[in-house]
Amino acid sequence: MMLRKLLSILLLCPVLQARVVHVPSTEAPTIQTGINRAILNDTVLVADGVYTGTGNYNIDLKRRSVLMSEHGPEYTIIDCQGSSSDRRRAFLFWRGEDSSTVVEGFTIRGGYAPADFEDQYHDLYSAGGAISFLNNSSPVIRNCTFTLNHADRCGGAVLCAGSSPSFVDCLFEANDADWEGGAVCACEGSNPEFSGTSFLLNTAFEGGGVFTSGTGAIFTDCIMSQNMCNGGGGVGSDRDFERLSCRLCRF
C-alpha cells in the first residue's frame, strides 16, 4: 500500500527539466537578469551583439550551470568599458563554482581593475581586469577571447586567487598589467589549467603572458608568442618553475 502511494505521488510530481533562458528578451534584457531568472542546470543563451552597461559587467553567475553565446566570440562581445576611475570586470567568481559552471563563446574587452591607492600592494581589486576567481572558484571558460583588458596590479585579463579554473580553446591578446601577468596572474593556492589556448601580444613588467606566485599552472597544446616584459616573456614566476607543466606548447 505504501509503495502504491509513493508511486502515485511521483507520477503526479512534475519533472524539472533544464530550460533555455534567452538574452536579450522581455524577461531578461541583460546577461545578469538572464542569470537571475535561471535555475540550476538551465542554460542562459546570449544572442549576437555588443553588451554594455549595467547588467552586462561585474556579472555574478550565482553557481548557475551554463552561460553561452549563440554563435561564438566573433559575434558576442561583453564590452566592460572600464577606466581608471571605474572598476569594471566581465565576471567575478567567488561562490566556489566548480567545473559544472561553464562560460562559453564570448569576447571580453575593456575590463579595468584600477589600483586602490589606500592599499595598492595587497588589494585584489587591483588585479584581474576581465575576470577574478576567488574562494576556490574553478569553473570552465571555453572558446572565449580576452582583449584590451587592464589591471593596475597584476592579471591584465584574469586573476586566480586560491582558485583553479580551466581555460579551453581561448585567446588572450593585447591585455596588459602594470606589474605581473599581462594576461593571467595566479596566486597562492591556485592551479589553473589551459588547453588549446593562445597568449599573444600581452604586456607586463614580469610575465608578459602568465605570472605565477607560489603556485602552479598546467599548459597543454598552448601558444605563447610576442608577449612582452622585463623577464619571462611567455611565463614568469617569482619562485620555482618546477610547478609549471607545459605539454605540446609552442613558445
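Nothing in this text is a laboratory measurement; each read-out follows from the coordinates by a stated rule. Being a predicted model, the structure only gives us computed values, none of them experimental. Positions of Cβ are generated from backbone atoms using ideal geometry, with glycine treated the same way; all protein chains shown enter the neighbour counts.
Just to confirm my numbers, what's the Cα centroid distance between the range 135-195 and the range 47-75 in Å? First find each Cα centre; the distance between them is then 18 Å.
Among Val102, Val50, the order by Cβ neighbours within 10 angstrom, fewest to most, reads Val50, Val102. For the chain, what is the relative contact order in percent, using Cα pairs closer than 8 Å and at least 6 residues apart in sequence? Reported as a whole number, the value is 11 percent.
Close amide H partners of Phe146, meaning residues 5 or more places away or on another chain with modelled amide H under 5 Å apart, are Ile108, Leu171, Phe172, Glu173. Near Asp98, the amide H atoms lying under 5 Å from its own belong to Ser138; only residues 5 or more places off or on other chains count, and H is placed 1.01 Å from N. Working note: Karplus 6.51/-1.76/1.60 with θ = phi - 60° gives the range 23-37 the couplings 10, x, 8, 4, 7, 9, x, 10, 4, 5, 5, x, 5, 4, 7 Hz, where Gly and Pro are set to x. Annotation note: GluC sites (Glu not before Pro) in the range 153-215 located in DSSP loop regions with a Cβ neighbour count of at most 11 within 10 Å are Glu188.
Net charge in the neighbourhood of Ala113 (other residues with Cβ under 9 Å of its Cβ; Lys, Arg +1, Asp, Glu -1) is +3.
Panel order for Thr26, Thr52, by other beta carbons found within 10 Å of each beta carbon, from fewest to most: Thr26, Thr52.
What angle, in degrees between 0 and 90 and rounded to the nearest 10, separates the Cα long axis of helix 2-12 from the longest principal axis of the Cα atoms of the chain? For helix 2-12, the angle is close to 70 degrees. Close amide H partners of Gly233, meaning residues 5 or more places away or on another chain with modelled amide H under 5 Å apart, are Gly208. Taking Cβ atoms as reference points and 12 Å as the exclusive limit, the residues near Ala183 contribute a net charge of -3, counting Lys and Arg as +1 and Asp and Glu as -1. Phi angles of the range 205-217 translate, via the Karplus equation with coefficients 6.51, -1.76, 1.60 and θ = phi - 60°, into HN-Hα couplings of 5, 10, x, x, x, 9, 10, 10, 10, x, 8, x, 7 Hz per residue; Gly and Pro are given as x.
A simple count of charges around Arg19, restricted to other residues whose Cβ falls under 10 Å of its Cβ and scoring Lys, Arg +1 and Asp, Glu -1, yields 0. On the beta carbon distance between Ile223 and Val50, with R0 = 22 Å, the FRET formula returns roughly 0.25.
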